[in-house]
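A.B. asks: Questions regarding the structure given below will be posed in turn.
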Amino acid sequence: MTTHLTPAPRRNASAAVALKAPDFGGSSYFAQVRVLTGRSLRAMVTDPGIVLFGLIQPVVILFVLTQVFSKMGMPPHFPDGVSYLDFVLPAVLVDNAAQSAMQSGVGLVEDLRNGVVARLRSLPVHPGALLVARSLVGLVRSAVQILVIMVLAMTVLGYSPNGGVAELALSAGLTLFISFALGWAFIAAGAWLRRAEPLQNLALIVIFPLMFASSAYVPVADLPGWLAAVAHVNPLTYAIDATRALALDVPGLDHAIPALVIGAVISAAGAFAALAGFRRPL
Amino acid sequence: MSGLVMPPVTQPDPDPDPGSGFGSVPGFGSDGDLMIVADAVSKSYGTVHALDSVSVSARRGTVLALLGHNGAGKTTLVNILTTALPPTSGRAYVAGYDVHREPFEIRRRIGLTGQFASVDTQLGGRDNLVLIARLLGAGRRAARARADELLELFDLTEVADRRASGYSGGLRRRLDLAASLVGGPQVIFLDEPTTGLDPSSRLRLWEIVESLVEQGATVLLTTQYLEEADRLADTIAVLSAGRVVASGTADELKATVGRRTVTLTLDGDDAAVRAATALRAAGFAPAGGEDGARGLVVPIDTTRQIADVIRSLDQAGVEADELTFGEPTLDDVYLTLAEQHARTPA
């Protein structure tokens, strides 16, 4: 099969090669998830731009907020003995988790549009395997980003949380769980919308205001009345309160349970909706 | 619509061979296995009928071509047969398995090359093939070996480590075809495989298809190109607006529309008139020759009748300046059938 004319016997031999049934014997669901996760991780390593690009918004927000607000007087309900940087960093990590979750949805949209899903559908691959793989890849991406932001904050900005190593790790773990839950929501959105642009708009419209209408940047008690009301029912408030309580050793740990429950519900509903949306014909 | 060759309808074997072990469909164990069967397959989207009771079949080691223009339903049928899309009604079997009940058994045995290359553009050519082999259950080493084998076969070794996003259209197509062969499929679906390819790439693809079939593969090919169907297909099904308007071998199809013709160019008005008279006397029905026209078209049924035409001319003392013999082309078939069908909506 080269550009010059190939003699017939060789061609037949070649065709025999193409058709010789290799009998690979099929693969389990678990193996498929592993292979598909490995595939996306490999793409992430060879093209780290996606991971770094995802860091831009959280890092910019981190710098802007700390530079602008650290010079202002602290609001009355601000926890004692905590710098503004310390206060805001757990929220920035949650914001980053949401951005990473959105990336999982975008990744699925790319798979749907560039032919990967079309190929997988002609293979004995379970539909859920790709979705689970996308979710797992999102976890890895989030973990890397959390690590980068924390190291950056500690070394460059002087982040010094009061919590111990174990509490910090727990806080990061909870942040990862939030990323996981939102990841499934965005994977579901990607499976239904199947275009990156509305997905990114959705993220902007939903996540951006929700972050401000939460305990992320100012204690809820210091928010104007109506915003405080929104913040009280905003799941992100619970997530941020819990991760902050762990990292800074401040009150709010009681919000961990609702955060976990809401996260579990979002994960389950997202996974269900994602599979339903993904199963529709291309 | 009379006179058309009706699509073959598969008759399930009344006495299935229990030891055939060939899928779950009775009658698939014997010689001349039907590797592709669509039996009255319909697909509707609301009131739009993408496919309307389509029946086609292909035996092992043959090429079935679905011929039709855009929107005729070719891709919809491919999607149903490759288990990507459930039919609204009707039954379909590939390699002896039911598309509805055993999609994974079918997917283990087919290769699909769609209209758009289905490759991961973020990965290199080799990684694409390794990925598929791994998903089919190959170990790391076996997957790599299989990928290298196919890369060489399709002349992709040099670009194997480059990202597919940088591939040209032709390279991507070849990688896509290689990807569809990773599992050593028994049935290969090629959905407009040569659309957008340059002539030499097209020829090469034809050769690949021919040798695959020689080796026992069954191929379903969709195409808009009559030449392609004529060259590759054992059976052609002409699709128009979701229906099979004709099917058969290329020769059978040609026989249903165009007749063979002898076209004569004669020297002078008088010669044409005399030739026409002599031909009528011999039982032919020549057209033309009136009002000073110098050309005559004589429909014939067999090539032997060319001799009769010449004998009649000879006896009338007329010599033709030019005599050409014309076989009907698939173009005639396609245009005639598509037009007929458009005039007589269901």
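A.B. asks: How many of the residues in region B:231-254 are closer than 10 Å to B:Val333 by Cβ, in a helix (DSSP H, G or I) and in contact with a strand residue (DSSP E or B) (Cβ under 8 Å, 6 or more places away or on another chain)?
C.D. replies: 2
A.B. asks: Mind telling me which of the residues B:Arg101, B:Arg173, B:Arg141 ends up being in a helix (DSSP H, G or I) and modelled with pLDDT of 90 or more?
C.D. replies: Result of the check over B:Arg101, B:Arg173, B:Arg141: B:Arg141.
A.B. asks: Let me ask you something else. Does A:Gly225 fit the bill of being crowded, with 16+ Cβ neighbours inside 10 Å, more than 14 Å from chain B (Cβ to nearest Cβ) and modelled with pLDDT under 90? Walk me through how you get there before you give the answer.
C.D. replies: Details: crowded, with 16+ Cβ neighbours inside 10 Å: no; more than 14 Å from chain B (Cβ to nearest Cβ): yes; modelled with pLDDT under 90: yes.
So A:Gly225 fails the test.
A.B. asks: Being within 30 Å of B:Asp332 (Cβ to Cβ) and among the charged types (D, E, K, R) narrows it down to one of B:Arg109, B:Arg59, so name that one.
C.D. replies: Going through B:Arg109, B:Arg59 in turn, the sole match is B:Arg59.
A.B. asks: Find the helices (runs of 4 or more DSSP H) located wholly in region A:111-211 whose residues include 1 or more that are farther than 30 Å from B:Arg173 by Cα, and list them. Full working, then the answer.
C.D. replies: Values: elements: A:116-121, A:127-152, A:165-193.
Passing ranges, in order: A:127-152, A:165-193.
A.B. asks: Condition first: more than 30 Å from B:Arg144 (Cβ to Cβ), modelled with pLDDT of 80 or more, assigned to a helix (DSSP H, G or I) and aromatic (Phe, Trp, Tyr). Can you find one or more residues in region A:58-67 that meet it?
C.D. replies: For region A:58-67, residues more than 30 Å from B:Arg144 (Cβ to Cβ), modelled with pLDDT of 80 or more, assigned to a helix (DSSP H, G or I) and aromatic (Phe, Trp, Tyr): present.
A.B. asks: Also, quick follow-up: Listed residues A:Asp86, A:Asp23, A:Asp111; which is among the acidic types (Asp, Glu), within 13 Å of another protein chain (Cβ to nearest Cβ) and crowded, with 20+ Cβ neighbours inside 10 Å? Step through it out loud before you land on a result.
C.D. replies: Details: A:Asp86 fails: within 13 Å of another protein chain (Cβ to nearest Cβ); A:Asp23 fails: crowded, with 20+ Cβ neighbours inside 10 Å.
Being among the acidic types (Asp, Glu), within 13 Å of another protein chain (Cβ to nearest Cβ) and crowded, with 20+ Cβ neighbours inside 10 Å holds for just one of A:Asp86, A:Asp23, A:Asp111, which is A:Asp111.
A.B. asks: Moving on. Which residues, counting only those in region B:203-229, are more than 14 Å from every other protein chain (Cβ to nearest Cβ), part of a helix (DSSP H, G or I) and touching a strand residue (DSSP E or B) at 6+ places or on another chain (Cβ under 8 Å)? Before the answer, list the steps.
C.D. replies: Keep residues of region B:203-229 that are more than 14 Å from every other protein chain (Cβ to nearest Cβ), which gives B:221-229.
Going one step further and asking which of them are part of a helix (DSSP H, G or I), we end up with B:226-229.
Within region B:203-229, B:Leu226, B:Glu228, B:Ala229 meet the criteria.
A.B. asks: Scan region B:98-129 residue by residue and report those that are over 22 Å from the mean Cα position of the chain (by Cα) and among the hydroxyl-bearing types (Ser, Thr, Tyr).
C.D. replies: Of everything in region B:98-129, just one residue is over 22 Å from the mean Cα position of the chain (by Cα) and among the hydroxyl-bearing types (Ser, Thr, Tyr), namely B:Thr121.
A.B. asks: Please indicate, with yes or no, whether at least one residue in region B:145-152 is more than 7 Å from chain A (Cβ to nearest Cβ), part of a loop (DSSP other than H, G, I, E, B) and surrounded by fewer than 21 Cβ atoms within 10 Å (Cβ to Cβ).
C.D. replies: No, there is no match, as no residue in region B:145-152 is more than 7 Å from chain A (Cβ to nearest Cβ), part of a loop (DSSP other than H, G, I, E, B) and surrounded by fewer than 21 Cβ atoms within 10 Å (Cβ to Cβ).
A.B. asks: Turning to a different aspect of this structure: Can you find, within region B:291-324, the residue that is nearest to B:Asp270 (Cα to Cα) among those that are out of contact with any Ser or Thr (no Cβ under 7 Å at 6 or more places or on another chain) and among the hydroxyl-bearing types (Ser, Thr, Tyr)?
C.D. replies: B:Ser312
A.B. asks: If you don't mind, another one. Condition first: away from chain B (no Cβ under 14 Å), polar (S, T, N, Q) and without any contact (Cβ under 8 Å) to a residue 40 or more places away in the chain. Can you find one or more residues in region A:66-81 that meet it?
C.D. replies: Just the residues of region A:66-81 that are away from chain B (no Cβ under 14 Å), to begin with: A:66-81.
Within this subset, residues satisfying the condition of being polar (S, T, N, Q) are A:66-67, A:70.
After this cut, where a residue has to be without any contact (Cβ under 8 Å) to a residue 40 or more places away in the chain as well, the list is A:67, A:70.
Checking region A:66-81: at least one residue is away from chain B (no Cβ under 14 Å), polar (S, T, N, Q) and without any contact (Cβ under 8 Å) to a residue 40 or more places away in the chain.
A.B. asks: Within region B:89-103, identify whether any single residue is under 30 Å from B:Val37 (Cβ atoms), facing chain A (nearest Cβ under 7 Å) and in contact with a Gly (Cβ under 9 Å, 6 or more places away or on another chain), and answer yes or no.
C.D. replies: Checking region B:89-103: not a single residue is under 30 Å from B:Val37 (Cβ atoms), facing chain A (nearest Cβ under 7 Å) and in contact with a Gly (Cβ under 9 Å, 6 or more places away or on another chain).
A.B. asks: Taking the options A:Gly277, A:Gly183, name whichever one is crowded, with 18+ Cβ neighbours inside 10 Å and closer than 27 Å to A:Leu147 by Cα.
C.D. replies: Answer to the check: A:Gly183.
A.B. asks: Which numbered condition trips up B:Tyr167, out of (1) within 12 Å of chain A (Cβ to nearest Cβ); (2) crowded, with 20+ Cβ neighbours inside 10 Å; (3) among the aromatic types (Phe, Trp, Tyr)?
C.D. replies: Status for B:Tyr167: all satisfied but (1).
A.B. asks: With the requirement that a residue be farther than 30 Å from B:Leu64 by Cβ and among the hydroxyl-bearing types (Ser, Thr, Tyr), what does region B:141-167 give you?
C.D. replies: Scanning region B:141-167 gives B:Thr157, B:Ser165.
A.B. asks: May I pose another question? Would you pick out the residues in region B:285-324 that are at pLDDT below 85 and touching an Asp or Glu at 6+ places or on another chain (Cβ under 6 Å)?
C.D. replies: Passing the criteria: only B:Gly292.
The values are calculated or read from the model by the stated rules, or taken from the named source; none is laboratory data. Every value quoted in this text rests on a predicted model; they were computed, and no experiment measured them. Heads up, the Cβs are rebuilt from the backbone with ideal geometry, glycines too, and the neighbour counts pull from every protein chain shown.
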